[in-house]
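Please treat every number below as a calculation from the coordinates, not as lab data. This one's a predicted model, so the numbers in the text were calculated from it and none came from an experiment. As a convention, Cβ positions derive from the backbone with ideal geometry for all residues, glycine included, and neighbour counts pool all protein chains shown.
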Amino acid sequence: MPSKRTTLPLAAAAVAVAAVLIFVVTKEPHYNVRPGAQSGNAHCGRMTENAPAKLAGHPKHATKLAGVALWGDSNIVLRCGVAGIGPTSDPCFSADGVDWVIDTARSTDTQKVITTYGRTPATEVTVTHASKTPDEVLGELSALITPIAQTSQCIRSQ
C-alpha cells in the first residue's frame with residue numbers, strides 16, 4: 001500500500017530556512033544581543049577590533065556579530081551602528097569629549113542604556129551590574145568613539 005507524504009511546497013520551505021538563518025546570523029543566542037542596523041560601518045569594525053580586552057574587571061568575550069563587543073556575562077554590551085538620537089529630554093552628559101544620553105525608558109536601577117549623541121553611526125552601551133559606574137565605563141570607551149565626527153552636541157561647550 002503506497003504511503004502518503006505531506007510535503008511543504010518548496011517556496012514555503014525556503015522561507016522557513018531563510019527565517020532560521022536570519023535569526024542565527026543576526027542574534028548571538030547566549031547573550032541575546034542583536035547588532036545595530038549600521039553595524040557593518042567601518043567605524044564599527046574598528047571600534048570592536050580595538051575594544052579593550054578587559055573593562056570594569058570583566059573579560060571581553062568573542063562574538064561573531066558585527067559592531068558588537070561584550071564584557072562579562074553581558075555585564076557591559078557595546079553595539080555600534082544603532083539609530084542616532086535627536087533632541088531629547090533624557091539626561092545627557094559628556095565623558096572624555098563624547099556626549100552620551102541615558103535612555104530613561106529602557107534603563108532601570110540595575111541596568112543603564114546609554115547612547116552617543118551627535119555621531120553617526122551611533123553607539124549604544126548597556127551597563128548591567130558592573131563594578132564601576134556607567135560614566136567610568138564610558139570614560140574608558142570614549143577613546144573608541146572620538147574618531148567618529150561629532151555633528152551636534154547635547155552638552156554645550158563652556
I want to check the label-to-label distance for Asp96 and Arg46. Put each point 7 Å from Cα in the C-beta direction and report it in nm to one decimal.
1.6
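With the alpha-carbon atoms as the only input, what is the per residue convex hull volume for the range 92-145 in Å³? Walk me through the numbers on the way to the answer.
Working: hull volume 3.9 nm³, N = 54.
About 72 Å³ per residue, rounded to a whole number.
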Those aspartates and glutamates that a straight Cα-Cα span of less than 13 Å connects to Lys64, excepting residues fewer than 8 apart in one chain
Glu28, Glu49
Which values, in whole Å and largest first, are the semi-axes of the equivalent ellipsoid of the range 42-127 obtained as the square root of 5 times each eigenvalue of the Cα gyration tensor?
21, 16, 11
Arranged from highest to lowest average of other beta-carbon atoms within 10 Å per residue, in what order do the peptides 106-112, 54-60, 135-141 appear?
135-141, 54-60, 106-112
Can you tell me the dipole magnitude for the range 103-142 around its Cα centre, using point charges on the Cβ only (Lys, Arg +1; Asp, Glu -1), in Debye to the nearest 20?
100
Each residue of the range 121-127 in order: what ³J(HN,Hα) in whole Hz does its phi give by Karplus 6.51 cos²θ - 1.76 cosθ + 1.60, θ = phi - 60°, with x for Gly and Pro?
x, 7, 10, 10, 10, 10, 10
List every residue whose amide H lies under 5 Å from the amide H of Gly84, counting only residues 5 or more places away in sequence or on a different chain, with H placed 1.01 Å from N in the peptide plane.
Ala122
May I ask you to evaluate 6.51 cos²θ - 1.76 cosθ + 1.60, the Karplus curve with θ = phi - 60°, for each residue of the range 33-50 and list the ³J(HN,Hα) values in order in whole Hz, giving x for glycine and proline?
10, 10, x, x, 4, 9, 5, x, 4, 4, 4, 5, x, 4, 4, 6, 5, 9
For the range 39-158, build the charge dipole from Cβ charges (+1 Lys, Arg; -1 Asp, Glu) around the Cα centre, then report which of Met47, Gly139, Ser94 sits farthest towards its positive end.
Met47
What aspartates and glutamates sit close enough to Lys54 to cross-link, taking a C-alpha to C-alpha distance under 12 Å and skipping anything fewer than 8 places away on the same chain?
Glu140
